Amino acid sequence: MPPLEGETATTTHHSNAGNNGGIDGNKSRVTVVGSGSWGSVAAKLIASNILNITSFHDELKMWVFEETLQSGEKLTDAINRTNENVKYLPGIKLGNNVVADPDLDNAVKDANMLVFVTPHQFIDHICKSLVGKLRSDVEAISLIKGMEVKIEGPCLISTFISEQLGINCSVLMGANLANEIAEEKFSEATVGYRDNREIAEQWVQLFSTPYFMVTPVKDVEGVELCGTLKNVVAIAAGFVDGLAMGNNTKAAIMRLGLREMRDFSKLLFSSVEDNTFYESCGVADVITTCFGGRNRKVAEAFAKNGGKRSFDELEVEILQGQKLQGVSTAREVYEVLRHQGWLESFPLFATVHEICISHLPPSAIVNYSKRKPILPLSEVSAH
Ligand SMILES: NC(=O)c1ccc[n+]([C@@H]2O[C@H](COP(=O)([O-])OP(=O)(O)OC[C@H]3O[C@@H](n4cnc5c(N)ncnc54)[C@H](O)[C@@H]3O)[C@@H](O)[C@H]2O)c1
Ligand SMILES: O=P(O)(O)OC[C@H](O)CO
């Protein structure tokens, strides 16, 4: 692996970080794996907190998928020079104790608290390259809204991380448009955990600020599926906006979407709690994402263009390097529905995918007449 780029720039504004190895040897260390818009905000939130928690080392490392900016400067160097993620979160200071590092192995090697926050399509490669490289006492949390579909069935990203790396992985999801939290506008989030409440409380402490209120919920699958599936609903909302169908239609799509999110989650995991859908990760995220998210925005453009320009093309043009999750999640959900024989019970999810791949026009988002009405959950059984 290459040496840490930007090291010189970094050490100039980190007099506390990394210099007192003897004293800090037993302190916890956090690394954020990912540095998009949400990854950068996560780093900012945690960096402000660890300065005030004596059991944590002051320095926070943030792994950067390296790229060269138009100016010719490496993104990592620019982050360490300016203390801003000039590409994905410009204008926001991350905190002087944030150190950007393009070397994944180096960024994670000392950490015992790992925050995974990349677009979900990259997590497979990242996990594979981390096997055998982590401390034995690592705890992880995933902020990734997406899922993997393997031959044997759907796999949540937190499960994927746990299985690949042999570590426990909680999740943090919620109504969290990164740019608003970056500006310290009040919002909430939900930490989903499996069994260990103490670990959940530690994550809550690391993320919570006066403007970011985090609640732990013992329903890791429910919380994560909310974050994952709301992106499909956001695509549907974007179609509605693109076709100027109005507020009532959008509300109907959001309600149907929330219901399909709940039913799908409960079919996959009988442990999923109804109450989870009333947390920030549920109804609140559906609302914010259907009004202010990137999935909505690109889907709106897709519908306005009558489906004639692909999502890939629009994503590049509109998001400038940021990534969509909803289109691939719609495909992954569709694969599960088809495999399980559940397609007719999830008309919104199925229709979103069929519009994305141009089998249906965007206007089909409100036309379910060719599909059977939604069955009550009790009548849908797993094969
Ligand atoms: N942005 C938000 O408002 C927001 C809020 C909550 C959750 N999330 C979730 O957080 C996750 C990360 O999204 P984001 O918004 O921080 O990212 P982003 O869309 O802002 O940026 C894309 C990121 O992908 C990286 N990347 C590009 N190619 C890569 C590769 N081959 N390997 C690894 N990384 C690569 C880029 O460097 C960049 O950091 C997603 O699952 C998203 O759904 C985002
Ligand atoms: O911009 P989106 O559509 O990826 O949504 C961002 C967040 O997930 C909203 O909570």
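Against the criterion of being under 20 Å from Q320 (Cβ atoms), of a type in the set (S, T, N, Q) and in contact (Cβ under 8 Å) with a residue 40 or more places away in the chain, N85 qualifies.
Can you spot a residue in segment 108-121 that is away from ligand 1 (no atom under 14 Å from the Cβ), within 18 Å of V41 (Cα to Cα) and at pLDDT 95 or above? Yes, that holds for at least one residue. In segment 90-110, the residue that is surrounded by the most Cβ atoms within 10 Å (Cβ to Cβ) out of those that are within 11 Å of V33 (Cα to Cα) and of a type in the set (A, V, I, L, M) is A100. Tallying residues that are surrounded by fewer than 19 Cβ atoms within 10 Å (Cβ to Cβ) and more than 13 Å from ligand 1 (Cβ to nearest atom) within segment 305-331 yields 9.
Please state which of the following conditions S270 fails to meet, knowing it meets all the rest: (1) closer than 23 Å to G153 by Cβ; (2) not hydrophobic (A, V, I, L, M, F, W, C); (3) not in a loop (DSSP other than H, G, I, E, B). That leaves (3) as the condition not met. Listed here are the strands (runs of 3 or more DSSP E) enclosed by segment 168-247 that have at least 3 residues being within 15 Å of ligand 2 (Cβ to nearest atom), crowded, with 18+ Cβ neighbours inside 10 Å and of a type outside the set (D, E, K, R): 168-173, 187-192. Exactly one residue out of E139, E148 is touching a helix residue (DSSP H, G or I) at 6+ places or on another chain (Cβ under 6 Å), closer than 17 Å to V204 by Cβ and surrounded by fewer than 24 Cβ atoms within 10 Å (Cβ to Cβ), and it is E139. Among the residues making up segment 139-167, those that are away from ligand 1 (no atom under 14 Å from the Cβ) and either within 20 Å of the chain's Cα centre (by Cα) or hydroxyl-bearing (S, T, Y) (or both) are E139, A140, V149, K150, P154, C155, T159, S162, E163, Q164, L165, I167. Considered as a group, the residues in segment 276-310 that are away from ligand 2 (no atom under 15 Å from the Cβ) and part of a loop (DSSP other than H, G, I, E, B) include one that is nearest to G227 (Cα to Cα), and that residue is S310. Among the conditions (1) assigned to a strand (DSSP E or B); (2) buried (at least 19 other Cβ atoms within 10 Å of the Cβ), the only one that C155 does not satisfy is (2).
Taken together, the criteria place S136 among residues that are away from ligand 1 (no atom under 16 Å from the Cβ) and of a type outside the set (D, E).
Given the structure, is S48 within 13 Å of ligand 1 (Cβ to nearest atom) and polar (S, T, N, Q)? So S48 fails the test. Taking first residues from segment 106-132 that are within 13 Å of S162 (Cα to Cα) and partners that are away from ligand 1 (no atom under 16 Å from the Cβ), the Cβ contacts under 7 Å between residues at least 6 apart in sequence or on separate chains come to L114/V138; V115/V30; C127/L165; L130/L165; V131/L165.
Among residues of segment 170-199 being among the basic types (K, R) and under 20 Å from V217 (Cβ atoms), the one that is nearest to ligand 1 (Cβ to nearest atom) is R194. If I filter segment 333-348 for residues that are modelled with pLDDT of 95 or more, in contact with a Gly (Cβ under 8 Å, 6 or more places away or on another chain) and within 16 Å of ligand 2 (Cβ to nearest atom), do I get at least one hit? The answer is no; no qualifying residue exists.
The values are calculated or read from the model by the stated rules, or taken from the named source; none is laboratory data. Predicted model only: the values in this text are computed from it and were never measured. Note: ideal-geometry Cβ built from the backbone for every residue, glycine included; neighbour counts use all protein chains shown.
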